[in-house]
Amino acid sequence: MTNNSFAMTLSEPSVQRKLGTICIFGTGDFGRSLGLRLLQAGYRVVFGSRNPRNSSLLPKGAEVLSHKEAAQAAQVIFVAVHRENYDFLCHIGGEALAGKVLVDVSNNLKRSQYPESNAEHLSKLVPAAHVVKAFNTVSAWALQSGGLDANRQVLVCGHNCEAKQMVKDIAQNLGFTALDKGSLQAAAELEDYPLQLFPMWRLPVALATGLIVVFFLYLLARDVIYAAVQDGKDISFRVMVSLPNKVFPIVSLIMLALCYLPGVIAGFLQLYNGTKYRRFPNWLDRWMLCRKQLGLLALALAFLHVLYTLIIPLRYYVRYRLSSWTVAQIKQNKTEPFDTTMAWRTDSYYAIGILGFGFYVLLGITSLPSVSNNVNWREFRFIQSKLGHLTLLLCTAHTFLYGWDKFLKPSYYKWYLPPGYMLSLIVPCVVLVLKFVLITPCVDRAITRIRQGWERKPAAYMGIYDDKGNQSLLL
């Protein structure tokens, strides 16, 4: 026996095995992709169609029957049609669908389009069947690609546990991970899930966009418009490179500080409340939930700053200024003396910036699910908290070295407006100072006790002792 024939002998049973019969109502893109995937997994697939003769687009190996015949042939039926077309189920007959598992895979065009979910509506139309909501968060592309290039998770909900288990078994046989979301009442949440468009990114993106616009207009007025009004110079070309290369690091530093500001605020709130069991304000909860997105956007802006900085030597304006300065030095027959202080400042500025950006990238890599899932909580907290604050400190020091002594020179306050880098230091300095207060031994000891479950009792309930040494309550 050759190697090829031996391999075919081993593979034939897996190809020929049948895991059961699955019925699919609906011959659209999703229905066809699902049918093909079920056939590849070893299921017998039966399509229910209004016109059983029209089967040219269906996967090879699938059978096409009428709706009633297809329903009678399988225990699990995938309803891959829109809600508006559910009425055909009423014409099949209650006996054909009694005890069957109807898997509703439908979605709506907008959130809260109907007063009740599609799955609950289907359950009322066919009360004799067990309705399960599943596979609506999986696209036809995910089914065709084998789940390798898309979401591998199938969310499942329904009232009947046995019916849900059957659907979860099918999902696992197709190579997906099934997650039980509870009863059919969760179907509305599952149907709204595919309609969400980056819900956790909206606030960070809006904040980043707002900061970029504000600082761009601010620097445009200070640099470009001021030069045109006061000096009569046209330096409008700076809006392409110079201004973005100032705006991006400013916004990046502020957003990095905003990642750690809510944690500092939460620490002081716990100290003030004397307990960890009191809820934070809703705005703080929402802020803390989007810290990852804030950090990733800050990293993206820092990366743009690095790219813009790398092209500085290639700019025509820079090359022109450098050549003009060199020619002027030659004509005047003089050489600028070497400034050791300036050398230390520039080298420190670049070195600290490189270190800060390196830790920045490390924070971004650690936030990826493929990486964060492979580290324990202590390791993740060390990187995101300890190294995160170190990154903020390095980037703040990088900005201080950039400014150096500019804040002492009146010429830098154009129209009495401070340079943009000075404004970018406000939030980071506040965060670093408050964090320093929190990590002092006395304060850190109190927060640690609170986070371990200790509570400060209100004065009205503090224990006092009578003359006999018995403890009583002051009410």
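Quick grid of which residues meet (1) more than 17 Å from V45 (Cβ to Cβ); (2) assigned to a loop (DSSP other than H, G, I, E, B); (3) among the small types (G, A, S); (4) assigned by TED's automatic domain parsing to the domain that holds G42:
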{"residue": "E95", "(1), (2), (3), (4)": "yes, no, no, yes"}
{"residue": "V103", "(1), (2), (3), (4)": "no, no, no, yes"}
{"residue": "S106", "(1), (2), (3), (4)": "yes, yes, yes, yes"}
{"residue": "K110", "(1), (2), (3), (4)": "yes, yes, no, yes"}
{"residue": "Q113", "(1), (2), (3), (4)": "yes, yes, no, yes"}
{"residue": "E120", "(1), (2), (3), (4)": "yes, no, no, yes"}
{"residue": "V132", "(1), (2), (3), (4)": "yes, no, no, yes"}
{"residue": "V154", "(1), (2), (3), (4)": "yes, no, no, yes"}
{"residue": "Q172", "(1), (2), (3), (4)": "yes, no, no, yes"}
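Would you be able to say whether some residue in the range 287-304 is farther than 24 Å from L362 by Cβ and either modelled with pLDDT under 90 or not in a helix (DSSP H, G or I) (or both)? No: zero hits. K133 fulfils the conditions (1) surrounded by 19 or more Cβ atoms within 10 Å (Cβ to Cβ); (2) touching a strand residue (DSSP E or B) at 6+ places or on another chain (Cβ under 7 Å); (3) at pLDDT below 95 except for a single criterion, (3). Assessment of the range 279-286 against the conditions (of a type in the set (S, T, N, Q) and exposed (fewer than 12 other Cβ atoms within 10 Å of the Cβ)) yields at least one matching residue.
If I ask for residues that are more than 41 Å from the chain's Cα centre (by Cα) and more than 19 Å from G93 (Cα to Cα), which ones from the range 31-63 would you list? Quick ask: steps written out before the conclusion?
Keep residues of the range 31-63 that are more than 41 Å from the chain's Cα centre (by Cα), which gives 50-56, 63.
Scanning the range 31-63 gives R53, N54, S55, S56, E63.
Which is more than 30 Å from T396 (Cβ to Cβ), in a helix (DSSP H, G or I), assigned by TED's automatic domain parsing to the domain that holds I235 and not hydroxyl-bearing (S, T, Y), of I352, I330?
Numbers: I352 fails: more than 30 Å from T396 (Cβ to Cβ).
Result of the check over I352, I330: I330.
If you filter the range 287-324 down to residues that are of a type in the set (S, T, Y) and under 18 Å from S252 (Cα atoms), you find that the one that is surrounded by the fewest Cβ atoms within 10 Å (Cβ to Cβ) is T309.
Listed here are the residues, each with its yes/no results for (1) closer than 30 Å to F268 by Cβ; (2) of a type in the set (S, T, Y).
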{"residue": "L294", "(1), (2)": "yes, no"}
{"residue": "A302", "(1), (2)": "yes, no"}
{"residue": "I311", "(1), (2)": "no, no"}
{"residue": "R315", "(1), (2)": "no, no"}
{"residue": "Y349", "(1), (2)": "no, yes"}
{"residue": "G356", "(1), (2)": "yes, no"}
{"residue": "F359", "(1), (2)": "yes, no"}
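In the range 81-118, which residues are within 15 Å of P194 (Cα to Cα) and touching a helix residue (DSSP H, G or I) at 6+ places or on another chain (Cβ under 7 Å)? Within the range 81-118, D104, V105, S106, N107, N108, K110, R111, S117, N118 qualify.
Tell me, please, whether a residue that is at pLDDT 90 or above, of a type outside the set (F, W, Y) and more than 25 Å from A98 (Cα to Cα) can be found in the range 164-173. If you could, list the steps in order and put the result at the bottom.
Of the residues in the range 164-173, the ones at pLDDT 90 or above are 164-173.
Next, from what is left, pick out any that are of a type outside the set (F, W, Y): 164-173.
Filter again for more than 25 Å from A98 (Cα to Cα), leaving 172-173.
Yes, because at least one residue in the range 164-173 is at pLDDT 90 or above, of a type outside the set (F, W, Y) and more than 25 Å from A98 (Cα to Cα).
Residue pairs whose Cβ atoms lie under 6 Å apart, separated by 6 or more positions or on different chains, with the first residue in the range 272-286 and in contact (Cβ under 8 Å) with a residue 24 or more places away in the chain and the second part of a helix (DSSP H, G or I) and not charged (D, E, K, R), are K276/Q270; K276/I450.
Within the range 197-229, the set of residues being surrounded by fewer than 16 Cβ atoms within 10 Å (Cβ to Cβ) and touching a residue at least 24 places away in the same chain (Cβ under 8 Å) comprises M200, L203, V205, A221. Just the residues that are touching a residue at least 24 places away in the same chain (Cβ under 8 Å) and in a loop (DSSP other than H, G, I, E, B), please, taken from the range 230-249. If the condition is that a residue be touching a residue at least 24 places away in the same chain (Cβ under 8 Å) and in a loop (DSSP other than H, G, I, E, B), then V241 is the only one that fits.
Among the residues of the range 233-275, just one is under 23 Å from A206 (Cα atoms), of a type in the set (S, T, N, Q) and over 19 Å from the mean Cα position of the chain (by Cα), namely N245. When each of A62, A140 is tested for being more than 13 Å from C23 (Cα to Cα), of a type in the set (A, V, I, L, M) and surrounded by fewer than 22 Cβ atoms within 10 Å (Cβ to Cβ), the lone residue that passes is A140. For the range 363-386, a residue qualifies if it is touching a residue at least 12 places away in the same chain (Cβ under 8 Å) and surrounded by fewer than 15 Cβ atoms within 10 Å (Cβ to Cβ), and exactly one does: S385.
Every condition in (1) among the small types (G, A, S); (2) in contact with a Ser or Thr (Cβ under 9 Å, 6 or more places away or on another chain); (3) assigned to a loop (DSSP other than H, G, I, E, B) holds for S33 except the one numbered (3). Pairs, please: C-beta under 7 Å, at least 6 apart or cross-chain, first residue of a type outside the set (F, W, Y) and in the range 334-359, second outside any helix (DSSP H, G or I) and surrounded by 11 or more Cβ atoms within 10 Å (Cβ to Cβ)? So the pair list comes out as R345/W404.
The values are calculated or read from the model by the stated rules, or taken from the named source; none is laboratory data. Remember, it's a predicted structure, so these values are computed and weren't measured experimentally. We place every Cβ from the backbone using ideal geometry, glycine too, and count neighbours over all the protein chains shown.
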